[in-house]
1. Please determine, by comparing only the residues of segment 739-785 that are in contact (Cβ under 8 Å) with a residue 40 or more places away in the chain and not in a helix (DSSP H, G or I), which one is nearest to ALA719 (Cα to Cα).
2. Restricting to segment 431-470, what's the tally of residues that are over 29 Å from LEU594 (Cβ atoms), open to solvent by less than 20 Å² (accessible area, probe 1.4 Å) and not in a helix (DSSP H, G or I)?
3. So if I check each of GLU666, GLU613, which one is charged (D, E, K, R) and part of a helix (DSSP H, G or I)?
4. Using the structure shown, decide if GLU1163 is assigned to a loop (DSSP other than H, G, I, E, B), farther than 24 Å from ALA1064 by Cα and over 21 Å from the mean Cα position of the chain (by Cα).
5. Kindly indicate whether GLY674 is crowded, with 20+ Cβ neighbours inside 10 Å and farther than 27 Å from GLN477 by Cα.
6. Quick check on my filter: what residues within segment 316-356 are at pLDDT 85 or above, open to solvent by 70 Å² or more (accessible area, probe 1.4 Å) and either β-branched (Val, Ile, Thr) or over 26 Å from the mean Cα position of the chain (by Cα) (or both)?
7. Of all the residues that make up segment 571-610, how many are farther than 24 Å from LEU1165 by Cα, part of a helix (DSSP H, G or I) and among the basic types (Lys, Arg)?
8. Please indicate, with yes or no, whether at least one residue in segment 711-727 is more than 25 Å from the chain's Cα centre (by Cα) and in a loop (DSSP other than H, G, I, E, B).
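The values are calculated or read from the model by the stated rules, or taken from the named source; none is laboratory data. This one's a predicted model, so the numbers in the text were calculated from it and none came from an experiment. Here the Cβ is made from the backbone with ideal geometry for all residues, glycine too, and neighbour counts use every protein chain on show. Please note that ligands, DNA and RNA were not included when accessible areas were found on the heavy atoms of the full protein model with its side chains. Shrake-Rupley method; radii C 1.70, N 1.55, O 1.52, S 1.80 Å.
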Amino acid sequence: MRLFDRNSNMALFPAFADVSSNKVEDTSNELKWLNNNSFQTSDALSLHSLFLEKKSDGLHNKDSSVHRKDVDSVPPKKKKKKHEKHGDKKKKPTEKIKRSTESSGSDSEPIFPSDLKQKQETERPRDAPISSSFSWLDDMQSPTAKPFCVDSKSDASNWTYKSLYRGDVARYRRKGRSSLGLDPRRQEVSWEDANKKRKGGDKKKGADRYFSTVCRQLLKSQLPLLILPRVPESSDVSNSNLFLPLEDVEGEKKGEPVGRAQASSVNPLGVYDSTTALWLQGKGKQDQTDHRDSHNLETGQEAVLGTGQTEEFNRKLREQPEDTELWLKFIRYQDELSATVFGGEDEQQGRELPERRKSSYKAVLEKQLSIAERAVATNPSCVALQRERLRICQELWEPSALAKEWKKLVFLHPNSGPLWKEYLIFTQSYFSNFSVSRVNSAYGKCLSTLSAVRDGSMVSHPALPGIEEDMLDIFTQQCHFLRQSGHSEKAFSLFQAMIDFTFFKPDSVRQLSTKQQADFFEPFWDSGEARVGELNARGWKAWMVQQERGGWVQPCAEEEEEEDDEEDEVKDCSQPRWKVWLNVESSREAAHWLPWRPEKAKSQSEDDCEDPERQVLFDDIGPSLICLSSSDLHLRFLLNFLLFLGLPVDTALLSGGQCHPGVLLEDLSLLTQGRDSRHALTSHCLPSLGVNSVGHMTTLQGARKWAGLGKQGERFVNAMFSMLQPILPSQHRTVLSLSRMQYEKLKVFRCMQSNQKRLRSQSKISKRIAKSLLKEPDNRSSLAMWREFAHLEWMLGHLEEARKVFSAATALGAAKGLCNPSLCELCLLWAQLEVEDGASGPGGVVGDGGASPAVCVLTRHAEGNVLSPPSSSQPVSPVAVVKARRSYEQALTASLSAVDQALCHPQANKKVGVQEEKLRLRGLLGCYALFQYLTMGIKAANAVYSQARERTGDLHRTIMSDDRSRADACHSGSNLLVSRLTSEWEMLAVQQASLLKYHMSVGVFPLATLRDALTSALTSWPSSAPLWSIYVQVENRYHSAGRARRFFHTLTRDNGSVVPRLFAILAEQQRKQLVDAAQGSCDKSAPLSVLPENGLSNRIRGLFESAIGTAMGAHCPLLWRMYIHYLVSEGKMDKAKGLFYKALQNIPWVKGLYMDAVQLFPEYLQEFADLMTEKELRVRLPLEELDILLED
């Protein structure tokens, strides 16, 4: 090594320093950058000496390191724990650094002075660390200067007892396993030792929550113990125990009878349980390992059961692949199986709860789809399987692909009416491709195709049974679709054209096909001739006959001096723009629902119409004309038209199925009916169906402009009735006249509720029309017409006139007595009105004198005498009461026997009218029950209804449960009888509930009887709005809502109707209003009159979401509109607006939905109007015209 002077400049590369020194020094500074002025020679020498020492030590320890590496390379046999694995992962970066430092010890790596300084600091002597564990001083190899220990585990006793000596710490042991106040022979407390060491797996295991998987499976399994004591078989109440006996659990597990042990030599008195008896015999307890194993296997029992049922389904389907009902059951069984298998997996970790539910639901749908496709491949001609397949695909496919599949299906099965109904509902709700004209043309194509199948023009597909009924239902659905979308003129013209096409058809065209008949009808429609309901209308038949003779000369019609009642549409210009638009739009809808036609007397033409949309062309209605052959279908068509106009109709005569599906529900009156406490017995005489009438197009809570149809509408109804009466059968004329009479009564009822100023004039008009109806020959002897007229007089407060009408009407049918159903119904209404009037004494129970007017009416009716207005001076004798009771019993027994014979042998009497008369039991049963209530009490009256239900219980259950037989008989003559009987039993249930409710309002009576009657009736008729109204009113009077919620959940779980779900929402909303009112009115320091309840808002939203998730609820306008209003009332405007657009995806044709949106979100009026125009909904007041009206 070459040594350099300390003060000399060291070269940057010392190895080549000689070369640079031998050279001649150059005065230039070109190589000055190669010199390192900071290098010191002493530092270089010390570094070099340390390097040599380290290298010699590395060679010395080379062999030992190789041996240690071989030993360390052997893998350990002990498995690493979870925390050790995590620890290894954390140590990996440090190991890499260590390896890099070890590998850096090569010859080429420099050593810096800072490293030397650190090494010197580490070599300094340090103090010994304090130990962390206890040890004896003698065991230590070298005594330390600090013989202390750090105890990391704290001891609370040192602080509690202020001492370190263990003798100062109090310790105790429990003597015995008993506790004060317990019976040691029957009761025991299990004391667990807290000092027992648990296993490693039990340290983190806590008690399972109620929503966990284990607990949910435990709830679904069978209960090992009885929750309630068993009821003894004997009906003797005196022998029943006055306490809850403790049961022998061990004996029950072994299969022995529960209760008192059997007597034996060891147990002579039978007071020992099975375990004590075994101990006295010197026997031990049996091994209970089986029970412990069974508890461990509970989680897999349900899965094994589901697998077994799946195998059973597969076996049956292999043997019977053509059984379509079995395929459908197998598809629906997948939902039950998913609830069992995937029900408890929502709590599993790794995924969010909504994603978990969505994935499991999608997996079930894909499994159902695979089953449905296999079923369709096996049975390609089954329409039910095809519909089920498309129902499943609705959740999986895009709407465009689903629309193509629907078109393909209706092309393959053009003769299936139910398939066409579902296809049309899908077309209405397909928002991206929706327009009113497109949907209306789809209805026309459907009806024309079914008409071709009916006529035999389509040879490829035969006509199925009941095709005319399906065509009538589709026609009615089309008319309501046009009404809901605002095109009231087109909907009305369809009904008007069908009346001419059905009842005034020329004889020369009856044998032609439907299309040919429509071709002959087109010239009449375009001729300008007066149509049904218009002035001087003669009908299609008379016009065609006169055209063959050369036509007739139109007389100059006298110009009617019509009062210009056109008021200013904009009454208050200071109102907001959106409110003016709503008022004008609804008023025009109420006034202009009749189509506009040019008047020849005024020399008008089609160009004179201000609104071209009010004109209806034949192309709009021609494809939808159908032919109806039977008279029953003619009556059903007329009743549907009356319902369209807003007249009350008998729902039992409409059809055997549902009369008001969810698509037509729009009116809140469905949920608010029956709330008049003053008329508890008669408030359900005119039940509301929840369907809006034509001309009533407003917001959800908007009021009617008129009580009826307005002047033009009333004129049309009068002209139509006068034109149809001569050509209809007598029975049909009676039905239409009764509907008209009830309509007049309904208008008076609406005026009494909302418009008292209009009541006087409306009552005069209604009485005049009612008297004119009674003067007709067919109605003079009609007890039903006289009953409605007397009720109208009673409603107006004319009690004496009403009693005279009742008395005069009983003389018409007194000959038949109790065998006349119409007379029984008349006397029942009279007695109910007398009871409501309060003339029957407190509590409705007759006094000692028997002077109750209602008792007089019912007693004389049972005797068969002509009734006179009752008076308090003529008491009823006890003998007459006993005779009347016996007469009622005999008549009821005979009527129930006649019902059994009429249904068991429907062909015995082919006259449907006679059979319907035998099935009318509401009058007789109501009279007998009310008579028992007034003379004996409420228990006797309730027993009458119970006896009637027991007599026909089996028959009624057969009718309600046998869906297949009802479907087969749906298009036969017996369907009308079944529908009539079902309607009768429903009305009887309403009568019973109303009577019990009335008695609870005037007296003291246990609620359980009324609740049992309502729950039993609602189980049979879950879509009965009057029954639900009574149930909600009764349950909302009490704080506890758990029973009602469970009942609602039980019925809605297995029922697809939307009516129970609407009333469930209504019950919760009323409860929330009650709670909010109580909390808002009371002082914060004062006690609340109502128990506060949290979570009602979320519960109501959950009920809404579950309701709109069903098939019928998704297309129910009333449900969506109620949901939007509820969110707005809660202040959630953004969610409400989002829900509005979601509703458009399901019900885009409902104009009332857009009007609600304008009321709730007025700032988006222009957007909503443009959307209605785009979808071709009827907008009667464009916004441009609104601006002009506001300027004027």
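1. By that ranking, first place goes to GLU776.
2. Total satisfying the criteria: 1.
3. Among GLU666, GLU613, only GLU613 is charged (D, E, K, R) and part of a helix (DSSP H, G or I).
4. The answer is no for GLU1163.
5. Yes, satisfied.
6. Across segment 316-356, the qualifying residues are LYS316, ARG318, GLU319, GLN320, GLU322.
7. Looking only at that region, the number is 2.
8. no
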